[in-house]
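See structure below.
The values are calculated or read from the model by the stated rules, or taken from the named source; none is laboratory data. Just so it is clear, the structure is predicted and the values come from calculations on it, not from any experiment. Cβ atoms come from the backbone with ideal geometry, glycine included; neighbour counts cover every protein chain shown. These accessible areas exclude ligands, DNA and RNA; they are computed on the full protein's heavy atoms, side chains included. Shrake-Rupley method; radii C 1.70, N 1.55, O 1.52, S 1.80 Å.
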Amino acid sequence: MKFGGTSVGVPERFWVATRLVAEQVGRDPVVVVSALSGVTNLLAEFCRRPERRRDIAARIVDRHTGFAREAGLPLSAVDTLLDAWCADAEELAELPEPLHGEARDEVLSWGERLSSELFAAGLREAGVPARAIVAGDAGLITDDRFGGAHPLPEAEAELRASLGLRPPLPVLTGFLGRTHDGRTTTLGRGGSDYSAAIIGAALAADEIQIWTDTSGMLSADPRIVPEARPVPRLSFTEASELAYFGARVLHPKTLLPAIERHIPVRVLNTASPGDPGSLITASSDPGDSPWRVKSIACKKGITAVTVVSTRMLLAHGFLARVFEVFGRHHIVVDLVTTSEVSISVTVDDLAGLDAAIAELETIGHVEVTHELAVVAVVGEEAPKRIGLAGHLFTLIGGVGVPIEMISQGASRVNLSFVVREVDADRVVRLLHRGLGLDAEVSAGTQDAASV
């Protein structure tokens, strides 16, 4: 059972979360928690701004002592740890430069270390014996890629051995690991969900529950489409595609350990625990939409890179040379389209791109377009529905939005295309209604789709 920052950082939801755990004691739960909402951002600012470190250090103390008082928890749950934080923060306040790498990961770890102690105290108040554990100390061993560490193969056995003796109920820090020599690491964006999946897989859990602030994975981002609704069932493949292309509920890495162990993942809402949420399994039911589309994801901040080389006509090795350059500069490519003499790709991280472009210009003419967005239409077998592509692009063309790039290939799950970022929200809203995903789907829409 993993609880996010809004689940543990608001007293009312905190007590809902502890009650949910207490109700599941018979199923032998293991808990993973994020930092209290807002704390990780404060710690990141502490690392970034030397001149504000003493002020931010005090705010961290106030956030946790204030939360403990408001929630009715004993201050003794965190006072020793807060004293240690103050001592570390005072030393770091003397440094004039921003913190990076290993030092930054150590600072960021304080959020989860403090929240796990508070949550364990809350469970004890509810009559459940519990203890807070730093995940690295429990065996979540990683490499030393600070800021984006990966678990090592031996972590599974270490976690299984360390967490095998229960009770007391373990409350583990999300987001954190440690190297073989004991240095603290963080698992990157979405790291707490990823931690829960790693731990769940190591313990062969019946299921992995992600408790958040939405009632499951939705048919679209509710900030763009207020009519978005929860999707009751998804396959691992559908959920992975949605997570990769911008669904904010899950990070793509979260599902990997669950997929490997065939462990169901359930996404649930702490603010509305009676909602069924979304169940993610190896296979799923067809979507309610007549087009079998379950959700539309949108990923902004995309850059397209096109390489054109007429001298590569009928020559072999063109694609290999292009991707070798991207690989050498550690650039992850999202979408790819090719022709006989050109290749277009999208990327969402500009780090290393300028150096890669300089190399690509030795292969051919390079065009770069910024401020784009990928829109992904996701549903098992949806891309193979006859007429879906025509219907999509008729809708989009009808409102005068140009398509910059299309990528489908042999995917049975995802049809993706690129539009200008300024048009993305309008396109998502249009397709959500046009594909029958709004809560009130008209009979006429269903009839037209059936024809």
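Contact map, region 374-400: residues that are over 17 Å from PHE236 (Cα atoms) paired with residues that are modelled with pLDDT of 90 or more and among the hydroxyl-bearing types (Ser, Thr, Tyr), Cβ distance under 8 Å, separation 6+ or inter-chain. Pairs shown: VAL374/THR346; VAL374/SER416; VAL375/SER416.
Taking first residues from region 152-181 that are within 18 Å of ASP28 (Cα to Cα) and partners that are part of a helix (DSSP H, G or I) and open to solvent by 60 Å² or more (accessible area, probe 1.4 Å), the Cβ contacts under 8 Å between residues at least 6 apart in sequence or on separate chains come to LEU169/VAL25.
Of all residues in region 111-134, none are under 10 Å from THR185 (Cα atoms) and either in contact with a helix residue (DSSP H, G or I) (Cβ under 9 Å, 6 or more places away or on another chain) or at pLDDT 95 or above (or both).
Looking only at region 97-117, decide whether some residue is touching a Pro at 6+ places or on another chain (Cβ under 9 Å), open to solvent by 40 Å² or more (accessible area, probe 1.4 Å), among the acidic types (Asp, Glu) and over 25 Å from GLY4 (Cβ atoms).
Initially, region 97-117 is screened for residues touching a Pro at 6+ places or on another chain (Cβ under 9 Å), giving 97-99, 104.
This time we only want the ones that are open to solvent by 40 Å² or more (accessible area, probe 1.4 Å), so: 97-98, 104.
From what's left, among the acidic types (Asp, Glu): 97.
Still in the running and over 25 Å from GLY4 (Cβ atoms): 97.
Taking every residue of region 97-117 in turn, at least one turns out to be touching a Pro at 6+ places or on another chain (Cβ under 9 Å), open to solvent by 40 Å² or more (accessible area, probe 1.4 Å), among the acidic types (Asp, Glu) and over 25 Å from GLY4 (Cβ atoms).
Set side by side, the residues VAL341, VAL374 differ, and just one is at pLDDT below 90 and either farther than 11 Å from VAL305 by Cα or touching a Pro at 6+ places or on another chain (Cβ under 9 Å) (or both), which is VAL341. None of GLU367, GLU380 is over 28 Å from VAL413 (Cα atoms), open to solvent by 10 Å² or more (accessible area, probe 1.4 Å) and either more than 21 Å from the chain's Cα centre (by Cα) or of a type in the set (Asp, Glu) (or both) except GLU367.
Pairs linking a residue in region 40-63 that is under 18 Å from ASP79 (Cα atoms) to a residue that is of a type outside the set (Gly, Ala, Ser) and outside any helix (DSSP H, G or I), with Cβ atoms under 7 Å and 6 or more positions apart or on different chains, are ARG63/LEU36.
Close contacts from region 203-218, counting a first residue that is touching a residue at least 60 places away in the same chain (Cβ under 8 Å) and a second that is among the hydroxyl-bearing types (Ser, Thr, Tyr) and open to solvent by 20 Å² or more (accessible area, probe 1.4 Å), with Cβ to Cβ under 8 Å and a gap of 6+ residues or different chains, come to THR212/THR6; ASP213/THR6; SER215/SER272. For ALA358, state whether it is open to solvent by 30 Å² or more (accessible area, probe 1.4 Å) and either outside any loop (DSSP other than H, G, I, E, B) or among the polar types (S, T, N, Q) (or both). Yes.
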